[in-house]
Amino acid sequence: MLARMSSEPEQQIGVGSPDAFQRLWTPHRMAYIQGENKPSGPGAGDGCPFCTIPAKSDEDGLVIARGELVYAVLNLYPYNGGHLMVVPFRHVADYTDLTEEETVELGDYTKRAMKALRAASGAQGFNIGMNQGEVAGAGIAAHLHQHIVPRWGGDTNFMPVVGHTKVLPQLLADTRRMLAEKWPAGA
């Protein structure tokens, strides 16, 4: 594939004027943009993907690990390779509505996720957080979920900054398997 690449502009019919850019198409992002897999309402029975994932196999649901009250799952629309989330099984929207036990296990699974990502991919840092409410950027505001995004030196390069494109070097199924193998056992 690389042997065919050149620095010469390539005519690409239907994409505008010829230029020196190669195109990296990410059509899977259109599903997110168009709201695919978004719930139809705020209830657990309104198509909440975080409520349906636990009924799937780990492979089909991209589940990395399951606890008693929370589970870790890969993000279908990742910011970086290995981007995962810790999600309570219970359909709850607000962090302040978590039980003490859910809060503790969510924190524990966040720590385990960091350890697994370091062991599996050599992550050098992390962005960890949750968006509370649609106005705060929560894609699925009705079901709380905490993001753990691994970071490496130089991962914010020209592709996301200029090209508004992320390059993910691995299929989600392979990432799930790799992280599940490195997931630390309970305390």
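Some observations on this one:
- Condition check for Leu144: open to solvent by 30 Å² or more (accessible area, probe 1.4 Å), under 18 Å from Thr52 (Cβ atoms), hydrophobic (A, V, I, L, M, F, W, C) and part of a loop (DSSP other than H, G, I, E, B): no
- Qualifying residue in region 117-124 (condition: out of contact with any Pro (no Cβ under 6 Å at 6 or more places or on another chain), free of Cβ contacts under 8 Å to residues at least 40 places away in the same chain and open to solvent by less than 60 Å² (accessible area, probe 1.4 Å)): yes
- Restricting attention to region 100-110, the residues that are open to solvent by 50 Å² or more (accessible area, probe 1.4 Å) and without any contact (Cβ under 8 Å) to a residue 12 or more places away in the chain add up to 2.
- Some residue of region 61-72 being modelled with pLDDT under 90 and open to solvent by 30 Å² or more (accessible area, probe 1.4 Å): no
- Scoring Ala138 on the criteria (1) modelled with pLDDT under 90; (2) closer than 17 Å to Leu62 by Cα; (3) among the small types (Gly, Ala, Ser) leaves a single failure, condition (2).
- Residue list for region 89-99, filter: within 21 Å of Ala185 (Cβ to Cβ) and open to solvent by less than 60 Å² (accessible area, probe 1.4 Å): none
- Selected residue (criterion: modelled with the lowest pLDDT) from residues of region 73-96 that are farther than 12 Å from His145 by Cα and in contact with a helix residue (DSSP H, G or I) (Cβ under 7 Å, 6 or more places away or on another chain): Tyr77
- Failed criterion for Ala31 (all others in (1) open to solvent by 30 Å² or more (accessible area, probe 1.4 Å); (2) closer than 22 Å to Ala173 by Cα; (3) modelled with pLDDT under 95; (4) assigned to a helix (DSSP H, G or I) hold): (1)
The values are calculated or read from the model by the stated rules, or taken from the named source; none is laboratory data. Keep in mind the model is a prediction, meaning the values are calculated, not measured. Virtual Cβ from ideal backbone geometry, glycine too; neighbours counted across all protein chains shown. Heads up: the accessible areas ignore ligands, DNA and RNA and are worked out on the full protein's heavy atoms, side chains in. Shrake-Rupley method; radii C 1.70, N 1.55, O 1.52, S 1.80 Å.
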